[in-house]
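Below is one structure; the comments refer to it alone.
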Amino acid sequence: MTGVRFRETMTGRVSLRTDDPVVGYTSPGAVAARLNAEIVIDDVDEFIAGDVHGARLRAELVIPVLGGRFLSGDGRFELFTRGRDPDGRLVQRMTYEATFENADRTYRMTAAKYLQPGWHLWRDTTTAHMTLTEVLPDPQPDRPFHGAGFVKISARTFVAQLATMRGFGEGTCPADRRGAVLAFAAFFVRGLEKTYLRRADW
């Protein structure tokens, strides 16, 4: 069994007291946010063959005005999941879900990239619509807190992301690990081709 892991860094803006990423990102009161994510695919063959292409997500969320650095070890990443975007259009989604903790604060994050036919492949694959909801043990009148916005991969960090892609697996040889990386890359490219060039195949 051979796996693949890679890291992503996305930066952007979120606003507090909204659950609409578009409103949050464009708000004059938006604050800086950074998502550092590590995606771990334990078995590439199973990931590619499965009806749901899911992997483990380890993540760090950095929002200074909320207390700085939040960590998660229980997240999930899914690639090419059929669904709809916020406007109701049929899309393929890349989703990131995780629960973050910092001291006594806990936040549930959902982030999605919406892939749809057109000429916006770069924007679609590098922009995540993110929402945050505070998880509370007991209901409170002025909470839970909500936040939303966009986080994005720049061209520079995209190149850096490619360099982080590594195969792994106990007892595997270098050729196996390289083959796993190439298999994942080929699957990703085929998925983009199907989405952007051959939508009827969804």
Hits in the range 172-196 (condition: in contact with a helix residue (DSSP H, G or I) (Cβ under 9 Å, 6 or more places away or on another chain) and closer than 15 Å to residue 1 by Cα): 172, 179, 180, 181, 183, 184
The range 40-76, residues that are in contact with a helix residue (DSSP H, G or I) (Cβ under 7 Å, 6 or more places away or on another chain) and either loosely packed, with under 13 Cβ neighbours inside 10 Å or within 17 Å of residue 10 (Cβ to Cβ) (or both): 55
Some residue of the range 121-143 being under 16 Å from the mean Cα position of the chain (by Cα), in a strand (DSSP E or B), modelled with pLDDT under 95 and loosely packed, with under 15 Cβ neighbours inside 10 Å: no
Strands (runs of 3 or more DSSP E) contained in the range 59-120 and holding at least 1 residues touching a His at 6+ places or on another chain (Cβ under 9 Å): 68-84, 105-115
Candidate set from the range 144-168 (those that are modelled with pLDDT under 90 and over 19 Å from the mean Cα position of the chain (by Cα)); member that is nearest to residue 61 (Cα to Cα): 145
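The values are calculated or read from the model by the stated rules, or taken from the named source; none is laboratory data. Keep in mind it's a predicted model, so treat the numbers as computed, not measured. Please note: Cβ atoms are built from the backbone with ideal geometry, for glycine as well, and neighbour counts cover all protein chains shown.
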